[in-house]
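Nothing in this text is a laboratory measurement; each read-out follows from the coordinates by a stated rule. Because the structure is predicted, anything quoted here is derived from the model rather than measured. With ideal geometry, Cβ positions are generated from the backbone for all residues, glycine too; neighbour counts draw on all protein chains shown.
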Amino acid sequence: MSQLTLGIETSCDETALALYHPQRGLIAHQLDSQVALHTQYGGVVPELASRNHVAKMLPLLTATLQQANCSLHDIKQIAYTKGPGLVGALLVGAAFAKGLGFALQVPTLGVHHLEAHLLATMLEKPAPAFPFCALLVSGGHTLLVAVKELGQYEILGETLDDAAGEALDKTAKLLGLPYPGGPALEQLARQGNAQRFVFPRPMTDRPGLDFSFSGLKTLAVYTLAKEQPTQQTKADLAAAFQAAVMDTLVLKAKRALQHTGYQRLIVAGGVTANQLLRTSMQTTLSAQGKEVFYPHSSFCTDNAAMVAYTGYQRFLRKEQDTSLAIEVLPRWELTAVAA
Ligand code: KG4
Ligand code: ZN
């Protein structure tokens, strides 16, 4: 089976490895989430994240090879997340990839984490056909991209301040919910009345595809300060906040499809797990005759399957690292990897 691409993801708080086969597709993927490790601190502690990646990398490699029933020598090429992300965490994956590549005498390639997120849907059957619009909504990014084909990306809009997931996490923290706040806030919102508090849909009253979520977060702080902080108040606030964020995302995604004339939207990133986002996106876009695609739920959040797939596609285009130097890019624009 000596045609496998190994994918390695360590950009934040998930250590993940995966194997992609050119004909059989994804044949193994393993992931270790550090959520429990960081929960007690209310957010990701970069130094702890890096150390934990080091500890988990080898056991995960063994598990990945066992799952695929193959050996190290079946690995033909290695793709790893080169950025954007936490510098120490990225360095662990990059150093591991380069070391293993050198030992096995196979090429390595640094992959863009956001490109990997937006191609994760290509692992699904059927995969969406190009061109499409992509909405990336994670803890670190909120981005609308026109994807003409693999490698041809145009940024249509992005957040001017907090990412959607970041705004959800911060508001969840304000409401006393555990990290990561998004899923906890969604759960609390189920018991709330979204109509009790009026939250605006930021930047939807003017043309353009950029986002801004920090005003909503400030409004949540003021609203909570004015009220008795009962469980019901918190649930109502969670519901109103969530509705404002998700409505804004849906409205801008619809606008991006109108702007490009594209028929398909793919939505990726951790916030995709949100049920309200999924339902309202589906309802709104199918009413317009447009299609929405999502990655498999395990590949909406950080994972190595998307890294292996993206690496495979880029290796096909004859790309590979040209030096053994370990280089990562904690800040890296998506347009830098666009053709
Ligand atoms: O893509 P991801 O795993 O990590 C990066 O940021 O790269 O996204 C994590 C984000 C967090 O902000 C988390 O709160 C949010 O996704 N999230 C959710 C839900 N599940 C995860 N937000 C809203 N509703 C959810 N069910
Ligand atoms: Zn991510």
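Observations
- Set side by side, the residues Asp205, Asp161, Asp210 differ, and just one is without any contact (Cβ under 8 Å) to a residue 24 or more places away in the chain, more than 16 Å from ligand 2 (Cβ to nearest atom) and among the acidic types (Asp, Glu), which is Asp205.
- Checking Ala49, Ala120 one by one, the residue that is under 22 Å from Gln3 (Cα atoms), within 16 Å of ligand 1 (Cβ to nearest atom), within 18 Å of the chain's Cα centre (by Cα) and among the small types (Gly, Ala, Ser) is Ala120 and no other.
- Subset tally (residues that are within 14 Å of ligand 1 (Cβ to nearest atom), among the small types (Gly, Ala, Ser) and surrounded by fewer than 23 Cβ atoms within 10 Å (Cβ to Cβ)) for the range 123-150: 1
- The set of residues in the range 219-243 that are charged (D, E, K, R) and crowded, with 19+ Cβ neighbours inside 10 Å comprises Lys234, Asp236.
- Taken over the range 47-84, residues that are closer than 19 Å to Asp321 by Cα and not in a strand (DSSP E or B) amount to 1.
- The set of residues in the range 297-316 that are farther than 20 Å from Thr10 by Cβ and either surrounded by fewer than 11 Cβ atoms within 10 Å (Cβ to Cβ) or of a type in the set (S, T, N, Q) (or both) comprises Ser297, Gln313.
- Residue check for Leu90: within 16 Å of ligand 2 (Cβ to nearest atom) and surrounded by fewer than 24 Cβ atoms within 10 Å (Cβ to Cβ): no
- Some residue of the range 285-297 being within 16 Å of ligand 1 (Cβ to nearest atom), under 27 Å from Val147 (Cα atoms) and in a helix (DSSP H, G or I): yes
- Check on Gly43, outside any loop (DSSP other than H, G, I, E, B) and within 16 Å of ligand 2 (Cβ to nearest atom): no
- Residue that is in contact with a helix residue (DSSP H, G or I) (Cβ under 9 Å, 6 or more places away or on another chain), surrounded by fewer than 17 Cβ atoms within 10 Å (Cβ to Cβ) and either touching a residue at least 60 places away in the same chain (Cβ under 8 Å) or of a type in the set (Ser, Thr, Tyr) (or both), where the choices are Ser71, Ser50: Ser71
- From Phe213, Phe241, Phe197, residue being hydrophobic (A, V, I, L, M, F, W, C) and more than 22 Å from the chain's Cα centre (by Cα): Phe197
- Unique match (being buried (at least 19 other Cβ atoms within 10 Å of the Cβ), within 16 Å of ligand 1 (Cβ to nearest atom) and more than 19 Å from Lys173 (Cβ to Cβ)) among Leu216, Leu249: Leu249
- Of the set (1) more than 16 Å from ligand 2 (Cβ to nearest atom); (2) surrounded by 22 or more Cβ atoms within 10 Å (Cβ to Cβ); (3) outside any helix (DSSP H, G or I), all apply to Gly7 but (1).
- Filtering the range 101-116 to residues that are away from ligand 2 (no atom under 16 Å from the Cβ), part of a strand (DSSP E or B) and touching a Leu at 6+ places or on another chain (Cβ under 9 Å) leaves only Thr108.
- Filter pass, Leu265 being closer than 20 Å to Leu135 by Cβ and not in a strand (DSSP E or B): no
- The residues listed here are Met306, Met281; of these, the one that is closer than 21 Å to Gln30 by Cα, part of a helix (DSSP H, G or I) and among the hydrophobic types (A, V, I, L, M, F, W, C) is Met306.
- Output for the range 168-189, where each listed residue is among the small types (Gly, Ala, Ser) and within 18 Å of Ala268 (Cβ to Cβ): Gly182
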